[in-house]
1. Using the Cα centre of the range 1-112 as the reference point, and only Cβ charges (+1 on K/R, -1 on D/E), how large is the resulting charge dipole? Debye, rounded to the nearest 20.
2. Tell me, what ³J(HN,Hα) does each residue in the range 78-87 have, in order and in whole Hz, if you take phi through Karplus 6.51 cos²θ - 1.76 cosθ + 1.60 with θ = phi - 60° and put x for Gly and Pro?
3. Taking the chain as a Gaussian network, where each spring joins two C-alpha atoms under 10 Å apart, which residue of 101, 136, 175 fluctuates the most?
4. With unit charges on the beta carbon (Lys/Arg positive, Asp/Glu negative), name the residue among 157, 200, 231 whose Cα is farthest towards the positive pole of the charge dipole of the range 113-243.
5. Determine the dipole magnitude for the chain: charges of +1 sit on the beta-carbon of Lys and Arg, -1 on that of Asp and Glu, nothing else is charged, the reference point is the Cα centre, and the result goes in debye to the nearest 20.
6. Under 5 Å between amide hydrogens, which residues at least 5 positions from residue 214 or on another chain qualify, with H placed 1.01 Å from N in the peptide plane?
7. Could you tell me which residue out of 62, 33, 16 lies farthest along the dipole of the range 2-62 toward its positive end? Charges go on the beta carbon: Lys and Arg +1, Asp and Glu -1, centred on the Cα centre.
8. In whole Hz, with x marking every Gly and Pro, tabulate ³J(HN,Hα) for the range 4-18 from phi via Karplus 6.51 cos²θ - 1.76 cosθ + 1.60, θ = phi - 60°.
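The values are calculated or read from the model by the stated rules, or taken from the named source; none is laboratory data. Predicted model, so just to flag it, every value in this text is computed and none were measured. Here the Cβ positions follow ideal geometry from the backbone for every residue, glycine too, while neighbour counts run over all protein chains shown. Protein only, heavy atoms only, side chains kept; ligands, DNA and RNA dropped before computing areas. Shrake-Rupley method; radii C 1.70, N 1.55, O 1.52, S 1.80 Å.
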Amino acid sequence: MTRFFVEQDICRDDTLSLTGENAQHAKVLRLKAGETVLLCDGQGMEAVCFVTQISSDEITLSVKERRDSSSEASVQVSVYVAFPKADKLEHVIQKATELGAYEIVAFPSARCISRPDEKSLKKKLERWQKIASSAAEQSGRGRIPQVLTLGSYQEALERAGKADKALLFYENEQATTLKMALSAESFSTVSLMTGPEGGLEQAEVERAEAAGLQVCTLGKRILRCETAPLCALSAVMYHSGEF
């Protein structure tokens, strides 16, 4: 069933419409009256609709059924990534969305080479959110993960620490594995925090522990900064029964 993300309140009206890019996309797909499509509000709610009328710039739909999206994960995983170089964050956003991340949060740390200023960050955020939207549509998500940026490492720690299970991954940690951390207790929200290309400083790891995050390892091999968050996210989804 063809899926469209819309900004309309799909829970209120029995008649909805596709306009703009969605209408153009529908025409490319050669939708016809009577065909069924799925409209999603990007927040986890979807409406099964059938096409009733097609005009030059609008496609009118009638709602057949409303329901919670069945493609969203039972656990809410927030992925915290220290600003990486080049377009690595775009890769993380796209793949984390496909894997079911609830949100992606970028933050600065001591060894970050990339430090976008306020002006460039605004444009980047728009692009990053579009990447998340496109990935959500392609992967059949019912929710578009929000992409956020924070102004400081401490702010990231305080926000991440509010999750039921808050984890920070450090290449020099040897005692606690991710498997051990996930098996310790049940949880419904998770924060996964990883560092930049140069890793996190020891002082930053100590600050994370003081903020309530559990430090653990992702194994014997050192993973790239764009690989580590996706590895951790996949493991959490597997542990939670999503795979």
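1. Roughly 420 debye for the range 1-112.
2. The phi angles translate into 9, 9, 9, 10, 5, 3, x, 6, 6, 9 Hz.
3. 175
4. 231
5. Here the size comes out at about 560 debye.
6. Long-range HN contacts for residue 214: 166, 167, 168.
7. It is 33, whose Cα lies furthest towards the positive end.
8. 10, 8, 10, 9, 6, 7, 6, 8, 9, 9, 8, 10, 10, 8, 10
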